[in-house]
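None of the figures in this text is laboratory data; all of them are computed from the coordinates on show. In this text the structure is predicted, and so the values were computed from the model without any measurement. Neighbour counts run over all protein chains shown; Cβ positions are idealised from the backbone, glycine included.
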């Protein structure tokens, strides 16, 4: 319907969406795509009809959020190389989101006013830079029945050349993000011959310098960053320049711009810089799981909260009477 290739029976379409428990997903997709629809009239009519159903579904989902044990967090590792180098974080998010949708892997939605699919990148990676150890977190409505190898093969079939998922881990929902644990990123750039002499001289000067201030030239003046404290372990491996960058508070700094500042090169001319790995600190949350797992601290209060749609029956004639779950 959005692409203008078919019409939609409004009543039948709503019934199908409700039966598939996809009313919030349908509303989010219609909202995000309505401007690009071939014919906006049926799209807006369907969105208007779905709105009250979506509001009710969101209210119920919010109330049951802590009790939903079917959600599962998947952290998948992927490589971004060759034909995918031109994609930025927004492109990658859209590509992976579409692949999950086409394969029927339903992502859970957040609790925002306009719920969004719970799909988030591990570490930023700008257009022009590649990575062999990238990751994303996807929260699925329920654990997939297929084996990880089959799921990765299906998703890779949907992805463009240069993007490939190679790791699939199911994790507890309370684990720390990759961004919270990242210590260092390791990079490698196969330098074109025309830049080699200049790069060798600039890299040698950088290593000999006690400080290398970098004024990023933003709209508001900030104190210059010392790249000697951020760019570490600079070395040559054959025709490749290898180095590491500190992460933590600096994980969002563009590595192409940092390298361009050191080598006195336009970042747009640095094509093929690849992140080969990331050093992570241990996840302290995994050792203290009892502090992060959701609990029913008070069954009575939780039952009252969920009373609109819960199957918990309260018996309150006597304090010693049990709560029946049925």
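Evaluate the distance, in nm, between pseudo-label points positioned 7 Å from the Cα of residue 81 and of residue 229 along their respective Cα→Cβ axes.
About 3.6 nm separates the two model spin labels.
On a 0 to 90 degree scale, rounded to 10, what angle separates helix 40-63 from the longest Cα axis of the chain?
Helix 40-63 sits roughly 80 degrees off the main axis of the chain.
Quick check on the chain: helices-only [θ] at 222 nm, where DSSP H runs of length 4 and up contribute -39,500 (n - 2.57) each and the sum goes over total residues. Nearest 500, please.
Taken over the chain, the calculation gives -10500 deg cm²/dmol.
Could you line up 157, 251, 166 from fewest to most neighbouring Cβ atoms inside 10 Å?
Placing the least packed residue first, the sequence is 157, 166, 251.
Considering Cα pairs under 8 angstrom that are at least six residues apart, work out the relative contact order of the stretch 1-154 and quote it in whole percent.
So the answer I get is 25 percent.
So what is the relative contact order for the stretch 72-171, in percent, with contacts set as C-alpha pairs under 8 Å and at least six apart?
It comes to 50 percent, rounded to a whole number.
Please give the contour-minus-distance gain from residue 16 to residue 44: 0.36 nm per residue of separation, less the Cα-Cα distance, rounded to one decimal in nm.
Stretched fully, the residue 16-residue 44 segment lengthens by 8.3 nm.
Suppose the chain between residue 264 and residue 204 were pulled fully straight at 0.36 nm per residue; how much longer would it get relative to their current alpha carbon spacing?
20.3 nm
What's the angle, to the nearest 10 degrees (0 to 90), between helix 10-19's Cα axis and the longest principal axis of the chain?
Around 80 degrees separate the two axes.
What relative contact order, as a whole-number percentage, does the chain give when Cα pairs under 8 Å and 6 or more residues apart are counted?
With pairs under 8 Å counted, the relative contact order is 18 percent.
Between the alpha-carbon centers of the stretch 92-136 and the stretch 148-177, tell me the distance in whole angstrom.
Cα centroid of the stretch 92-136 versus Cα centroid of the stretch 148-177: 11 Å apart.
Against the longest alpha carbon principal axis of the chain, how many degrees, from 0 to 90 and to the nearest 10, is the axis of helix 148-158 turned?
70 degrees
Taking other Cβ within 10 Å of each residue's Cβ, how do 283, 88 sort, fewest first?
88, 283
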